[in-house]
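Visitor: Dropping the structure in here first, questions after.
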2 protein chains.
Amino acid sequence: MSEKLNQLKEILGEVTDLRNAGAVLGWDQQTYMPQGGSEARGHQLGTLGKLAQIKFTSDEVGQLLEDLRAEFAGVDPGTDDDAAMLRVVSRDFEKARRVPPEFVVEVAMVSTRAFEAWMEARQKSDFSIFRPHLEKVVELTQRYISFFPPADHPYDTLLDDYEPGMKTADVQAIFDNMRPKQVKLLKQIAAAKQVKDGFLYGKYNEKKMDAFSVEIATKFGYDWTRGRQDRAPHPFCTTFSVNDVRITTRFEKENPTAMLFSTMHETGHALYELGCKQEFDRTPLMGGTSLAIHESQSRMWENLVGRSFAFWEHFYPQFKKLFPAQLDGVSLRTFYKAINKVEPSFIRVNADEATYNMHIMLRLELEIGMVDGSMQVKDLPEIWNDRMNAYLGVTPPNDAQGVLQDMHWAGGSIGYFSTYALGNIVSAQLWEKINKDLPNLDDEIRKGKFDSLLEWLRSKVHVHGRKYDPQDLVKKVTGSKIDSAAYVRYLTKKYSEIYGL
Amino acid sequence: MSEKLNQLKEILGEVTDLRNAGAVLGWDQQTYMPQGGSEARGHQLGTLGKLAQIKFTSDEVGQLLEDLRAEFAGVDPGTDDDAAMLRVVSRDFEKARRVPPEFVVEVAMVSTRAFEAWMEARQKSDFSIFRPHLEKVVELTQRYISFFPPADHPYDTLLDDYEPGMKTADVQAIFDNMRPKQVKLLKQIAAAKQVKDGFLYGKYNEKKMDAFSVEIATKFGYDWTRGRQDRAPHPFCTTFSVNDVRITTRFEKENPTAMLFSTMHETGHALYELGCKQEFDRTPLMGGTSLAIHESQSRMWENLVGRSFAFWEHFYPQFKKLFPAQLDGVSLRTFYKAINKVEPSFIRVNADEATYNMHIMLRLELEIGMVDGSMQVKDLPEIWNDRMNAYLGVTPPNDAQGVLQDMHWAGGSIGYFSTYALGNIVSAQLWEKINKDLPNLDDEIRKGKFDSLLEWLRSKVHVHGRKYDPQDLVKKVTGSKIDSAAYVRYLTKKYSEIYGL
């Protein structure tokens, strides 16, 4: 093998080590770190980020990439892993060279403080605590965009980091196409008889719920010798290596069963990372290819599997045995309808499948507004509440259940949200293909078996890591690009049955 | 302030960030990391250690130090913090320059694997699992020594890293002076009537014991907004910043009250680090000046406070209320005698104060033997058991309770153990001085008050961080160098009373 390729891989290995070390520090920050650790953690994350950036954007890496691209000219990155690595790294390098290392440190410092402020603001439901931090985040985001050549829309620069190759206009087109169909469906549902779900909001024991979540994750195929689950105020999945991928969850007294779906969701993310080719570990090909593809995995396990009738045919008897008082007289069908109840509500992560995308569209509009300067941070709570009312007909009673509910902006991430809706769309596209390839899948799920589903996902999606770009991967696997048709078909079929439309 | 001083501080800040990040990764490795994470963790720790080493030993740092030493010529490092920082950093720099960065990476990789092997070996009580890893650690230790100029004894090089300025011969002299007095005391105790302690080994509830430990740590002054306690197979204290100092503990069914003293011990370490001057954070002056001084703090809180009669006059009623069945009919005095029972035993961390130093002397001999090649790793279990029998008259029933009990060698640390005995010695020296300065201390402890003790320790010891070398600090605070007289006086008085000698 080329000596230069080895040199490059060694440098990239160290860059990966620094980033993974940063991920460990980030995980600790959100799970166990005492309050006093915050300031130093900012310095530590700043230094790790800066050193990774300096190492990655060095002239040495630039020269190696140039030489290796010449060496690999004509080698197909679609088949050869090294060529794929060069393709992905070259793109990352071109982008990273534009961002000064000091800026990376500043982002880390600001977002560490912003995260702490957000935690406090959310707890006290007081936007004013978070506001100056978010203003700083927006200012940094605008400076970030200024490092790049002008795009069709300034938001394109942000989106491309999460969804390589995707434009703001592409996303808007997909959303514009889907919105009227989803709105029509919501109207039909609103006119139908509402399902009962009061029994979901009784008093459920946290430990039992946790144990049941863990059992589901285990059945899905989560390997506990290569991962673990902890508590965090906002559940997430994080990767320290292909053999150490962790999830977090939370228990909300006022919505106890949400824990189940949160764990399924994060398990879906974790299975994606754990299924990556072992040889990609400690290289830039490790991980998911984009946030939308990642979300397609988490939403598939949470919704297409975890909210399906077949799934609960298997698990409901066991669940009912665990909570006999709470579920007394509740039939399987009643339970199934309840966990799929459609009702406009405040919290995105607890939103049903039919309204979820509306939450995303709202956030996309606010992000675009912050980025292009047409909206001021100080006005966000009001704008948020107005649009919630306009789109979903509900007004959050306070900012904790409104503009303060998500951690993304606090973490410095603007440009992220639309990938959630794209993930829903892709999950349904993949699901149609999977069910063609595995005609007995429904029966298997009914038996609590997920092996062939996981195996399909591993071999078609997970194993590739970042080798293929999202649109190419979806095309390769399903035959068409990202398209909302399958998702609309899925929603329509499911809710027509549930609501008798 | 000097421009060069600022430059140096900025570089040292980043070095500190890298080391503290490594500490977070090490904490996770010993508390929460799933098994699968091990290999990648080795890479991550290796890269962090190497980058810290490269950054710290750069020519740039060398030049800055040279220039600044000239600039600070004549400034007293005993009073000026910057001059003290230059003194400490210059010494660290001279040492670190001798060790190649690749070697640092190798040590991290080897000790990560050795640590995993040790965990398994200890669990299965199978030395053969750990043996090849320990052989590698010894080989690396010998290579480490070879980077330094020949000393009076090769072990001097190791000792100096933990106890700056101390020689193997110094330690042996202190030990040789103390040994006969301690042996004489042990013989007297052996001839006396043994105290009862069976009630300590009943069935105690883990959660209650944990809660009581936490309450003691809180009373001692441990600030939970700047620290936390988790479980680890071998309890330790670790520092990520002056405002994030964490402890770990364990519950052993067969020795349930050990948890209390373990928590007191680690709290003692944590209070030292938390009491360092805030301005020293993210500089090389942050932390404890040596392991012996560190151990003087942990052993003081564990033994001179936590095993004192006055302490239990306050806490015993409460403890008895928590465990009424287990302590039924057990008087305060009986309980006090039981927790101070002298009996030769296998496990160092559970050893009583009168036998503890014998465990250390054994380890010092084995370490010296490994380092100078007079002992082979394969023979260690036998040598260990033979000497345990010779010194304490007991033979461990298996290697888990013998040579495999401590994690130090697995972590790559050889040269560490004698600092434990030195810590005992210093704790008693400080204690005599404290009781002169605070004549009412015993009464305060009897009321569960530790404020003036902590305040004394903070202002005389903690606040200085690494500013003074251990011998200088002890001299400055007590008027004399490290000397075992106070410790022998303390042991003799305490056990004469307990055993009626």
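We did not get these values from a lab; they are worked out from the coordinates using the rules stated. Bear in mind that the values here come from a model prediction, so they are computed numbers and not experimental data. Note that each Cβ is placed from the backbone with ideal geometry, even for glycine, and that neighbours are counted across all protein chains shown.
Visitor: Using a 10 Å cut-off around each Cβ, can you sort A:Glu343, A:Glu163, A:Glu60 from fewest to most neighbouring Cβ atoms?
Guide: Going from sparsest to densest Cβ surroundings: A:Glu60, A:Glu343, A:Glu163.
Visitor: Take the alpha carbon gyration tensor of the range A:81-202, find the square roots of its eigenvalues, order them as a ≥ b ≥ c, and report rounded if a/c is under 1.5; if not, report prolate when a/b exceeds b/c, else oblate.
Guide: Oblate, since a/c reaches 1.5 and b/c is not below a/b.
Visitor: Still on this structure: Could you check the simple spin-label distance between A:Glu313 and A:Phe147, using points 7 Å along Cα→Cβ, in nm with one decimal?
Guide: Result for the modelled spin labels: 5.3 nm.
Visitor: Let me ask another. Charges at C-beta only: +1 for Lys and Arg, -1 for Asp and Glu. How large is the resulting dipole of the range A:356-480 about its Cα centre, in Debye rounded to 20?
Guide: 600 debye
Visitor: Treating the beta-carbon of each Lys and Arg as +1 and of each Asp and Glu as -1, no other charges, what is the dipole magnitude of the range B:1-150 about its Cα centre, to the nearest 20 debye?
Guide: Charge dipole, the range B:1-150, about its Cα centre: 680 debye, nearest 20.
Visitor: Rounded if a/c is under 1.5, else prolate if a/b beats b/c, else oblate: with a ≥ b ≥ c from the C-alpha gyration tensor eigenvalues square-rooted, which is chain A?
Guide: prolate
Visitor: Going by how many other Cβ atoms sit within 10 Å of their own, how do B:Lys493, A:Lys467 line up, fewest first?
Guide: Going from sparsest to densest Cβ surroundings: B:Lys493, A:Lys467.
Visitor: Quick check on chain A: helices-only [θ] at 222 nm, where DSSP H runs of length 4 and up contribute -39,500 (n - 2.57) each and the sum goes over total residues. Nearest 500, please.
Guide: Dividing the helical sum by the residues of chain A leaves -20500 deg cm²/dmol.
Visitor: Shifting gears a bit: Determine the dipole magnitude for the range B:168-499: charges of +1 sit on the beta-carbon of Lys and Arg, -1 on that of Asp and Glu, nothing else is charged, the reference point is the Cα centre, and the result goes in debye to the nearest 20.
Guide: Values: 44 positive and 41 negative charges, 181 e Å.
My answer is approximately 860 debye.
Visitor: Shifting gears a bit: How much net charge surrounds B:Gln326 when only other residues with a Cβ under 15 Å from its Cβ are counted (Lys, Arg +1; Asp, Glu -1)?
Guide: Summing Lys and Arg as +1 and Asp and Glu as -1 gives +3.
Visitor: To continue, here is another question. Report the Cα centroid-to-centroid distance between the range A:142-176 and the range B:164-195 in angstrom, as an integer.
Guide: 73 Å
Visitor: Can I ask one more? Positive end of the dipole of the range B:156-205, charges at C-beta (+1 Lys, Arg; -1 Asp, Glu), about the Cα centre: which of B:Gly198, B:Gln182, B:Pro164 has its Cα farthest in that direction?
Guide: Comparing the listed Cα positions along the dipole, B:Gly198 ranks first.
Visitor: Pop the C-beta distance of B:Glu94 and A:Ala190 into the FRET formula with R0 = 60 Å and round what comes out to the nearest 0.05.
Guide: Once the sixth-power term is evaluated, E becomes 0.20.
Visitor: According to the square roots a ≥ b ≥ c of the eigenvalues of the Cα gyration tensor, what is the shape class of the protein assembly as shown, taking rounded for a/c under 1.5, prolate for a/b larger than b/c otherwise, and oblate for the remainder?
Guide: prolate
Visitor: What's the local net charge at A:Arg299, with K and R +1, D and E -1, over the other residues with C-beta under 15 Å away?
Guide: -3
Visitor: Can you tell which of B:Tyr495, B:Gln30, B:Val105 lies farthest toward the positive end of the dipole of chain B, using +1 and -1 charges on the Cβ of basic and acidic side chains (Lys, Arg; Asp, Glu)?
Guide: Selected residue: B:Tyr495.
Visitor: Work out the FRET efficiency for B:Asp176 and B:Gln376 from their Cβ-Cβ distance, taking R0 = 22 Å, and round it to the nearest 0.05.
Guide: Details: r = 26 Å, r/R0 = 1.19.
Efficiency at R0 = 22 Å is approximately 0.25.
Visitor: Let me ask something else. In the range B:206-236, whose amide N lies under 19 Å from the spot 7 Å out along Cα-to-Cβ of B:Lys321? List them in ranges.
Guide: Answer for the range B:206-236: B:207-220.
Visitor: For a quick size check, give me the Cα extents of the range A:170-230 along its three principal axes, largest first, whole Å.
Guide: Largest first, the range A:170-230 extends 45, 36, 18 Å along its Cα principal axes.
Visitor: Pick out, in residue order, every one of the GluC sites (Glu not before Pro) in the range B:236-293 that is DSSP loop and has at most 16 other C-beta atoms within 10 Å; say none if there are none.
Guide: B:Glu252, B:Glu254
Visitor: If you don't mind, there's one more thing I want to ask. Based only on other Cβ atoms within 10 Å, what is the fewest-to-most ordering of B:Thr157, A:Thr239, A:Thr263, B:Thr355?
Guide: B:Thr355, B:Thr157, A:Thr239, A:Thr263
Visitor: Using the Cα centre of the protein assembly as shown as origin and beta-carbon charges of +1 (Lys, Arg) and -1 (Asp, Glu), tell me which of B:Gly423, B:Ala211, A:Gln401 is placed farthest towards the positive end of the dipole.
Guide: Positive-most Cα among the choices belongs to B:Ala211.
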